[in-house]
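As structure tokens, the structure follows; a few thoughts come after it.
Read-outs: derived from the displayed coordinates by stated rules, not from any lab. What you see is a predicted model; the values in this text were computed from it and never measured. In this analysis, Cβ positions are derived from the backbone assuming ideal geometry, glycine residues included, and neighbour counts consider all displayed protein chains.
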Amino acid sequence: MAGSRNNRSPDPLIDALCAALVRHAVRASRIAVGLSGGRDSVALLHALGQLREAFGFQLSALHVHHGLSHNADGWADFCARLCGAMAVPFKCSRVTVDRASGQGIEAAARAARYAAFAALDVEWIALAHHRGDQAETVLHNLLRGAGQRGLSAMPGARSLSRGGAARLMRPLLGVPRPVVDDYVRRHALEWVDDESNLDRDCTRNWLRNDILPALAQRFPAAESALARTAMLAAEAEALLDALAREDFAAAAPAGRLRIDALRRLAAPRARNLLRFVVREAGVAAPDAARLGELQRQLNVIERDTHFRFDFAPLQLRCFAGELHVLANPIALETAPNGDLRVPWAGEAHLDWLSGKVRFENAIGSGFAADRIAGGECHLAPRRGGESIRPDARRPRRSLKHWYQELGVPPWQRQARPILWCGDTVVWVAGLGIDVAFQCGDGEAGWVPHWVPQD
């Protein structure tokens, strides 16, 4: 059996690959190799091809065509021929790299590539990063001033996307670069070279081609030392993450972080918790300066405040002593001062900001159809000063009063639709229908439902 101690291959690359496959329990799963056509990915594809029968997994390959080089078509053709010779199902995904994203060509290409990976119907995406790549990443992140998460560099395995089934694995992450070179030589494998790898203007290329070789002359074990740093940093980051989860459970009993509980924590521990809250929202944590400013402001604000902290694409707000993390603040801020006006003339539904308002026919419930007959009905946000009496047993109150009583945060109030008939409020989402328009028994009416987008 491939993973047995008594049947170990004399090939160190195959040994490392077997250990990773056993560790990740890949038997009977579907594995797709991210195949660039370069030396490392060709070696990984070939080695996995040797092991697919023993481990019982289905092997395929995906080549992402970025269209950034005049050689891109040739690389795709090479990968197709290689997979044909190895009897490996092949797919080429052509992507468009957003050059205007502001994150640089390399990062934009990576984002497009990973989106293509996420679209595959497989359990695992296998990438060919080795120990040299890990050392390069640690050094790169260190020079950028990264913290523990950055120094932990690339994980051996992780989820490809939030909520997605596919996982990413790097089974050669502990394999030295010379071992990959030796494997390719012994098996007489062909590969293609990406000319952009020689461009020293790219920091990673400069580190790979100039700095790491110079370090190795003075420190022969530099690559393994940097990789070991990544492993130790990953362990420390896991402990910090576990601590943040414990702190969040204690400081956010209702699912939102309480500011008073945050303030009781030691400053480093509080920052660790804030990083966790931002990451759980699916966004990379802010840098140290930005995080420090967020912490400073949270330490001085009052309980009820207009506090707002923008960190694209998130927006952080505070209400009733709790921190709210808004994933789509633009939709909530649309149409201030009542400028938005959506006419309604009996349609089954109307689009409203990032959601919808549905109208259902009813008898004896909702607002009476005859009481709006002839009136000009429309949806609009609050303008200020509106009032409503949704319950005949209670007095008429301002919307502000009702919202405060229900604990609706100020920034959400503007997004709630109001149905008007002329200049009169008929219905307010979340509050109800004014008694002047409510249906009596047997009357035909409409029941409105606001369906905000999650």
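Data for the structure
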{"item": "Rounded, prolate or oblate (a/c below 1.5 giving rounded, otherwise prolate when a/b exceeds b/c) for segment 336-451 by Cα gyration tensor", "result": "oblate"}
{"item": "Of Gln315, Ala261, Leu294, farthest towards positive along the dipole that unit charges on Lys, Arg, Asp, Glu beta carbons give segment 253-327", "result": "Ala261"}
{"item": "Global geometry of segment 253-327, whether rounded, prolate or oblate, following the gyration tensor of its Cα atoms and the 1.5 cut on a/c", "result": "rounded"}
{"item": "Cα centre as origin, Lys/Arg/Asp/Glu Cβ charges: the chain dipole, Debye", "result": "1140 debye"}
{"item": "Loop trypsin sites (Lys or Arg not before Pro), segment 349-454 (other Cβ atoms within 10 Å of the site Cβ: 14 or fewer; DSSP)", "result": "Arg383, Arg393, Arg396"}
{"item": "Positive-end residue, segment 253-327 charge dipole about Cα centroid, Cβ charges, pick of His306, Ala327, Ala285", "result": "Ala285"}
{"item": "Per-residue [θ]222 nm for the chain (sum of -39500 (n - 2.57) over DSSP H runs n ≥ 4, rounded to 500)", "result": "-11500 deg cm²/dmol"}
